Amino acid sequence: MAEIKVPELAESITEGTIFQWLKQPGDFIHKGEPIAELETDKVNVELMSEESGVITKFLFNEGDTVKVGDTIAIVSEEAEAEANIPQVEETPQKQEKEEPSQPAAGKEEPIVKEEPVTRPTQRPVASPAARKLAREKGIDLSQVKPFDPLGRIRKQDVEAYSNQPAQSAPTVETDKPTNLFEPEKPVERMKMSRRRQTIAKRLVEVQHTAAMLTTFNEIDMTAIMDLRKRRKDAFYQEHDVRLGFMSFFTKAVVAALKKYPLLNAEIQGDEIIVKKYYDIGVAVSTDEGLVVPVVRDADKKNFAEIEREILHLATKARENKLSLKDLQGGTFTITNGGVFGSLMSTPILNGPQVGILGMHKIQLRPVAIDEVRMENRPMMYVALSYDHRIIDGKEAVGFLVKVKELLEDPEQLLLES
């Protein structure tokens, strides 16, 4: 017999949640084959089996928290064990056909009645999609009636159960110490995912540990939009990637960080660690929450390389394929609420970083060109949140003004690169 344990994941990750089992007891698993998907604070990772054999037992259920070093499953290494796979993983219907060969089973009807007691898996048989939906809705799968004649619970069964009139809801609510909702009012109770819990915890922590302030400015995007309009087709043909706004902002941020290096630092105890490299985090929204993959050595990359890297990381984020390495070690963060229509916001620091730049929606607004003329210009509000413990207002404002100047005259970015 061999034990499958949770391996070392990363220095900062000591535990995770079993998101879903990729095998079932009785399945044969090869060495190096994934047995489970583990949800950590940052990414989902697959846990690989280090042995080949038949899975005899799971020691944790989906949704359980496990720590590094915990044994999560037992695998039989006996070669002949593979022949027993059909007996372990048979559905109730197939067991019904085989059990009459046993001396004590003379009729099929008693066997069908006894089958639920002798099944090797005590928890309800359900598809991964059904288990995921049940966790999100806080539904006990043992209460869900399957329509499958074999007894397997599917996603549709969970949805049907959740849409039933909540006949027992008032009783459940009155059992709680405090009744926050009127029993006759419909509510939906959902368990926070591990990642959402981590995001919530860290956002609160940074506001408790940092002296966070925000300064604002606005940028006339006319020059950049004109440049993109003239060059976008040729840029795409040459580099096979579209010229967006993020490469301009990344380049401008790197140039401003070189002039105001404390915004590229972090606090460790009573020391300030000023970083001489520029790994820029780019916030990406996913179904599981906000993640911040990092563009490494952004100062050494050209516009096409930055655009390509951002596209690559954003695609991995939305497909839930980011690695821990993709998320670690950023020195400064850029977040773009403008893609969702935000006109102005106060971004929260991505600790332990001490600066974050917030981009917003581009909107036509009347701008005074001189004492006589007014023009409608594409304007964007930008916000810089910073840690006032090491950054004074003068530096923060100067940083944001530098970013503004570079973006309003993008040819300067070529000189700064």
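Under 7 Å between Cβ atoms, at least 6 apart or on separate chains: pull out the pairs that start in the stretch 260-274 with a residue that is touching a residue at least 40 places away in the same chain (Cβ under 8 Å) and end on any residue that is crowded, with 18+ Cβ neighbours inside 10 Å and among the aromatic types (F, W, Y).
Taking only residues 6 or more apart or on different chains, the pairs are Y260/F399; L263/F332; L263/Y386; L263/F399; N264/Y278; N264/F332.
Please give the number of the condition V88 fails out of (1) of a type in the set (V, I, T); (2) at pLDDT below 80; (3) within 19 Å of the chain's Cα centre (by Cα).
With (1) of a type in the set (V, I, T); (2) at pLDDT below 80; (3) within 19 Å of the chain's Cα centre (by Cα) applied to V88, the lone miss is (3).
From the list A2, A36, exactly one residue is of a type in the set (A, V, I, L, M, F, W, C) and in contact with a Gly (Cβ under 9 Å, 6 or more places away or on another chain). Which is it?
Just one listed residue meets the conditions, A2.
Can you report the number of residues in the stretch 191-230 which are farther than 22 Å from V403 by Cα and over 17 Å from the mean Cα position of the chain (by Cα)?
9
Taking the stretch 24-65 as the region of interest, how many residues are of a type in the set (S, T, N, Q) and surrounded by 19 or more Cβ atoms within 10 Å (Cβ to Cβ)?
So the count comes out to 2.
Here is a yes/no grid of residues against (1) more than 34 Å from the chain's Cα centre (by Cα); (2) part of a strand (DSSP E or B); (3) closer than 20 Å to K229 by Cα:
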| residue | (1), (2), (3) |
| --- | --- |
| P352 | no, no, no |
| I356 | no, yes, no |
| V372 | yes, no, no |
| N376 | yes, yes, yes |
| M379 | no, yes, yes |
| V382 | no, yes, no |
| V403 | no, no, no |
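Among what's in the stretch 192-237 and is surrounded by 14 or more Cβ atoms within 10 Å (Cβ to Cβ) and among the acidic types (D, E), pick the residue that is nearest to D409 (Cα to Cα).
Going through the qualifying residues, I end up with D220.
Is it fair to say V172 is aliphatic (A, V, I, L, M), at pLDDT 80 or above and not in a loop (DSSP other than H, G, I, E, B)? Even if it seems obvious, please write down each step before you answer.
Values: aliphatic (A, V, I, L, M): yes; at pLDDT 80 or above: no; not in a loop (DSSP other than H, G, I, E, B): yes.
No: the conditions fail for V172.
Check off (1) touching a Leu at 6+ places or on another chain (Cβ under 8 Å); (2) buried (at least 20 other Cβ atoms within 10 Å of the Cβ); (3) touching a residue at least 60 places away in the same chain (Cβ under 8 Å); (4) not aromatic (F, W, Y) for V292 and give me the number that stays unchecked.
In the conditions (1) touching a Leu at 6+ places or on another chain (Cβ under 8 Å); (2) buried (at least 20 other Cβ atoms within 10 Å of the Cβ); (3) touching a residue at least 60 places away in the same chain (Cβ under 8 Å); (4) not aromatic (F, W, Y), V292 misses (3) alone.
Condition first: within 28 Å of A211 (Cα to Cα) and without any contact (Cβ under 8 Å) to a residue 12 or more places away in the chain. Can you find one or more residues in the stretch 382-393 that meet it?
yes
Against the definition (assigned to a loop (DSSP other than H, G, I, E, B) and not hydrophobic (A, V, I, L, M, F, W, C)), how does R242 come out, yes or no?
yes
Keeping to the stretch 312-349, report how many residues are of a type outside the set (K, R) and part of a helix (DSSP H, G or I).
Of the residues in the stretch 312-349, 12 are of a type outside the set (K, R) and part of a helix (DSSP H, G or I).
Quick one: count up the residues across the stretch 228-260 that are farther than 26 Å from R296 by Cβ and not basic (K, R).
3
This table checks each residue for (1) at pLDDT 90 or above; (2) in contact with a His (Cβ under 8 Å, 6 or more places away or on another chain); (3) of a type in the set (S, T, N, Q).
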residue	(1), (2), (3)
L324	no, no, no
G338	no, yes, no
L343	yes, yes, no
Y386	yes, no, no
F399	yes, no, no
E405	yes, no, no
P410	no, no, no
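Pull out all pairs, ordered by first then second residue, where Cβ-Cβ is under 7 Å, the residues are six or more apart or on different chains, the first lies in the stretch 322-346 and is of a type in the set (D, E), and the second is surrounded by 15 or more Cβ atoms within 10 Å (Cβ to Cβ).
Final answer for the pair search is D326/P293; D326/V294; D326/L313; D326/K316.
Out of the stretch 206-227, which residues are touching a residue at least 12 places away in the same chain (Cβ under 8 Å), closer than 24 Å to G393 by Cβ and part of a helix (DSSP H, G or I)? Working first, answer last.
Here is the first cut: in the stretch 206-227, the residues touching a residue at least 12 places away in the same chain (Cβ under 8 Å) are 206-207, 209-225, 227.
Adding the requirement that they be closer than 24 Å to G393 by Cβ leaves 206-207, 209-220.
Those that are touching a residue at least 12 places away in the same chain (Cβ under 8 Å), closer than 24 Å to G393 by Cβ and part of a helix (DSSP H, G or I): V206, Q207, T209.
The values are calculated or read from the model by the stated rules, or taken from the named source; none is laboratory data. This one's a predicted model, so the numbers in the text were calculated from it and none came from an experiment. We place every Cβ from the backbone using ideal geometry, glycine too, and count neighbours over all the protein chains shown.
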